[in-house]
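What follows is a single structure, written as structure tokens, with notes after it.
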Amino acid sequence: MLRQLTISELTGRLARRECSARDALRSCLDHLAQVDGQVKAFLSHDAADALAQAEAADRDLAAGVTPAEKPLLGVPIALKDVLCHRGQPLNCSSKILGQFVSPYDATVVERLKAAGAVVFGRLNMDEFAMGSSTENSAFWTTLNPWDTSRIPGGSSGGCAASVAASECFASIGSDTGGSIRQPASLCGIVGVKPTYGLVSRYGLVAFASSLDQIGPFTKDVRDSATILQAIAGHDRRDSTSVPQPVPDYAKALTGDLRGLRIGIVKEFNIGGLDPEVDAAVKLAVKQLETLGAEIVEVSLPHSDYAAATYYIIAPAEASANLARFDGIRYCARVDGRDPAELNSRTRGAGFGAEVKRRVILGTYVLSSGYYDAFYLRAQKVRTLIRNDFLKAFEQVDAIVSPTAPTAAFKVGEKSGDPLQMYLSDIFTISCNLAGICGISVPCGFTKSPKLPIGLQVLGKPFGEETMFRVAHAYEQSTDWHRERSPLA
Amino acid sequence: MSDFDIHYVAKLARIELTPEEEQKLGDQLGNILGYVAKLKEVDVTGVEPTAHAFPLVNVVRPDEVTGSLPHDEAMRNAPAKAGGLFVVPKIVE
């Protein structure tokens, strides 16, 4: 089935003219029409615009444009509803943006298009990327293609579910505390959070600016490397984008782990870790050893403070970033007698409960009298967390752990208790605080019901080559990535 | 967190809450603040704060004129506009 191919398989067929970009898009859109009523990954999609892009790709293919020139030529790729796509609606799965239409393309969208991709659709998410299940979407909850009574993870739940359901060949999301890796893990696909500063955030609606990064969701590690290659690199429109050359990630996919030292984290033996997840990850570690890696125990002594640090820093930054949703320049305005009342009413009516919680929390920890006790202290603990990682990376080339402590949970299971929901990010958030890179790759399934389990591989700052090398070697020595969900 | 005044902080955040929301969010935020208070256990003496994992300083671009959004494009999402300007309630009497 065309839609079930990986990007490298599809681009091979396109280059050999065995199928057209139109066929590839059609296979996705036809399937989307069939299964998205069950998965509910897409908020909307502009089929006519996508078709025009696919036809342009077919003209390029006919003119002899090669994969070396346009590595994603004719590949349908969908976007999380947090990235600006010129002329298309943008809501961040919130009510507050009303009928907003993006006036420009995000840098990643420009780069995907320059690489030949057919960019389409808006994928559901937790409102403003705040959540771990998509239950905080103002529209609806996306469901897991492996079991539609369960959540797909979040906040980029639509991204993960759409790829796992073969509604697109890949998708692009954002990760502030695990929002790419956790849903990738729960939906049985690959998801990458690049090192902070590697991918331009221009055109990404900001949640927590010092933690947000954009990254791909794909069916295998090679496809993620191909997409990251296309979207990474300096952009002068994002002043936090790092001006250094991007290495050739495909060259890192050697399949060989000899000579590498891989760390397992002493402090990650926590309560609440599901026994089946624990067993799958332990088997994966054995497999890495079989492939030639040396396994070393490392210590991240401040791990236990990562969640508390994150839930001060991220809401603080969010409270500042979300101040722009004021009902003046855009938003579904609710009028008031003066601008302050207009702001308060607009935000009271437009923001959902989780966004209100976090903006109010962030406002509090930044307010006069509490700044030092909360925000400044959290920034200092962040330094300690980052130093823990830098020290560990003096001993090892990569670190592995579970991506999430459990497989996909039931819709409604955690939504009543925000703190419980926050703790489902326990293995992923320290990566964002430390500014390093991470990937989730499938590493097994729970028995009954059959739900995917993910292995997280963390790399040094700008250590994507080693991260990809480890994830790829592991993936290629197992069959987990060949499994497709019942709705694929 | 006995001194956490949800009504006051929501006002600072410019978010209008119903009394029911105030009650519910206030309780939940109390729990969360109780949890994050564990950072008080950490000895941070002499530790520099991290604002950004990779702080870049003095990022500038060449001072060149480049293209920008046309005026009407920039205004297209305005909830109320007149004469190419955003309309807001009266600020000064």
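The values are calculated or read from the model by the stated rules, or taken from the named source; none is laboratory data. Keep in mind that this is a model prediction, so the values were computed, not measured. Counting neighbours? That spans all protein chains shown, and the Cβs are built from the backbone with ideal geometry, glycine included. Areas reflect the complete protein model, heavy atoms only, side chains present, ligands, DNA and RNA absent. Shrake-Rupley method; radii C 1.70, N 1.55, O 1.52, S 1.80 Å.
Here the condition is being part of a helix (DSSP H, G or I), open to solvent by 50 Å² or more (accessible area, probe 1.4 Å) and without any contact (Cβ under 8 Å) to a residue 24 or more places away in the chain; of A:34, A:38, it holds for A:34 alone. Against the condition open to solvent by 70 Å² or more (accessible area, probe 1.4 Å) and more than 7 Å from chain A (Cβ to nearest Cβ), how does residue B:58 come out, does it pass? When the stated conditions are applied, residue B:58 passes them. Filter the stretch A:273-294 down to residues that are over 23 Å from the mean Cα position of the chain (by Cα) and under 19 Å from residue A:449 (Cα atoms) and give me whichever is surrounded by the most Cβ atoms within 10 Å (Cβ to Cβ). Of everything passing the filter in the stretch A:273-294, A:276 is surrounded by the most Cβ atoms within 10 Å (Cβ to Cβ).
Within the set A:449, A:486, A:461, the sole residue that is within 14 Å of chain B (Cβ to nearest Cβ) and either in a loop (DSSP other than H, G, I, E, B) or open to solvent by 40 Å² or more (accessible area, probe 1.4 Å) (or both) turns out to be A:461.
If a residue has to be under 17 Å from residue A:92 (Cα atoms) and within 7 Å of another protein chain (Cβ to nearest Cβ) to count, how many in the stretch A:333-352 make the cut? Break it down into steps so the answer makes sense when it comes.
Initial filter on the stretch A:333-352 (under 17 Å from residue A:92 (Cα atoms)): A:333, A:346-352.
Of the ones still in play, those that are also within 7 Å of another protein chain (Cβ to nearest Cβ) are A:333, A:347-348, A:351.
Number satisfying all stated conditions: 4.
In this structure, does residue A:246 turn out to be in a helix (DSSP H, G or I), more than 14 Å from chain B (Cβ to nearest Cβ) and not hydroxyl-bearing (Ser, Thr, Tyr)? Taking the combined requirement at face value, the residue does not satisfy it. Looking at the structure I just gave you, is residue A:241 assigned to a loop (DSSP other than H, G, I, E, B), under 24 Å from residue A:389 (Cα atoms), touching a residue at least 60 places away in the same chain (Cβ under 8 Å) and polar (S, T, N, Q)? No. The set of residues in the stretch B:73-91 being open to solvent by 80 Å² or more (accessible area, probe 1.4 Å) and more than 10 Å from chain A (Cβ to nearest Cβ) consists of B:83, B:85. Within the stretch A:3-23, the residues that satisfy the criterion of being within 15 Å of residue A:71 (Cα to Cα) and in a helix (DSSP H, G or I) are A:7, A:8, A:9, A:10, A:11, A:12, A:13, A:14, A:15, A:21.
Would you confirm, using the coordinates I've provided, whether residue A:174 is polar (S, T, N, Q), touching a Phe, Trp or Tyr at 6+ places or on another chain (Cβ under 8 Å) and under 23 Å from residue A:91 (Cβ atoms)?
On the way: polar (S, T, N, Q): yes; touching a Phe, Trp or Tyr at 6+ places or on another chain (Cβ under 8 Å): yes; under 23 Å from residue A:91 (Cβ atoms): yes.
Considered against the rule, which asks whether it is polar (S, T, N, Q), touching a Phe, Trp or Tyr at 6+ places or on another chain (Cβ under 8 Å) and under 23 Å from residue A:91 (Cβ atoms), residue A:174 comes out as yes.
For residue A:397, the requirement of being open to solvent by 10 Å² or more (accessible area, probe 1.4 Å) and touching a strand residue (DSSP E or B) at 6+ places or on another chain (Cβ under 6 Å) is met. Would you be able to tell me the number of residues in the stretch A:70-120 that are in a helix (DSSP H, G or I) and open to solvent by less than 10 Å² (accessible area, probe 1.4 Å)? Qualifying residue count, the stretch A:70-120: 4.
Could you tell me whether the stretch A:407-421 includes any residue that is within 18 Å of the chain's Cα centre (by Cα), open to solvent by 10 Å² or more (accessible area, probe 1.4 Å) and within 14 Å of chain B (Cβ to nearest Cβ)? Yes, because at least one residue in the stretch A:407-421 is within 18 Å of the chain's Cα centre (by Cα), open to solvent by 10 Å² or more (accessible area, probe 1.4 Å) and within 14 Å of chain B (Cβ to nearest Cβ). A single member of A:254, A:240 is within 14 Å of chain B (Cβ to nearest Cβ) and either in contact with a strand residue (DSSP E or B) (Cβ under 9 Å, 6 or more places away or on another chain) or under 26 Å from residue A:216 (Cα atoms) (or both), and it is A:240.
Assess whether residue B:17 counts as being without any contact (Cβ under 8 Å) to a residue 12 or more places away in the chain, farther than 21 Å from residue A:318 by Cβ and either open to solvent by less than 40 Å² (accessible area, probe 1.4 Å) or at the interface with chain A (Cβ under 9 Å from one of its Cβ atoms) (or both). In short, no.
In the condition set (1) of a type in the set (A, V, I, L, M); (2) over 26 Å from residue A:272 (Cβ atoms); (3) facing chain B (nearest Cβ under 7 Å); (4) surrounded by fewer than 24 Cβ atoms within 10 Å (Cβ to Cβ), residue A:384 is compliant with all but (2). Selection of first residues in the stretch A:107-131 that are without any contact (Cβ under 8 Å) to a residue 12 or more places away in the chain and of second residues that are open to solvent by less than 10 Å² (accessible area, probe 1.4 Å) and assigned to a helix (DSSP H, G or I), restricted to Cβ pairs under 7 Å at least 6 apart or on distinct chains, gives an empty result.
Across the stretch A:318-327, what is the total count of residues that are out of contact with any helix residue (DSSP H, G or I) (no Cβ under 7 Å at 6 or more places or on another chain) and either among the charged types (D, E, K, R) or within 7 Å of chain B (Cβ to nearest Cβ) (or both)? Full working, then the answer.
Taking the stretch A:318-327 as the starting set, the residues that turn out to be out of contact with any helix residue (DSSP H, G or I) (no Cβ under 7 Å at 6 or more places or on another chain) are A:320-321, A:323-324.
Subset that is either among the charged types (D, E, K, R) or within 7 Å of chain B (Cβ to nearest Cβ) (or both): A:324.
Number satisfying all stated conditions: 1.
Which residues, counting only those in the stretch A:249-265, are assigned to a loop (DSSP other than H, G, I, E, B) and not small (Gly, Ala, Ser)? If you could, list the steps in order and put the result at the bottom.
The initial filter retains those residues of the stretch A:249-265 that are assigned to a loop (DSSP other than H, G, I, E, B), namely A:253-260.
Across the stretch A:249-265, the qualifying residues are A:253, A:254, A:256, A:257, A:258, A:260.
Apart from one condition, residue A:365 fits all of (1) assigned to a helix (DSSP H, G or I); (2) open to solvent by 20 Å² or more (accessible area, probe 1.4 Å); (3) more than 7 Å from every other protein chain (Cβ to nearest Cβ); the exception is (2).
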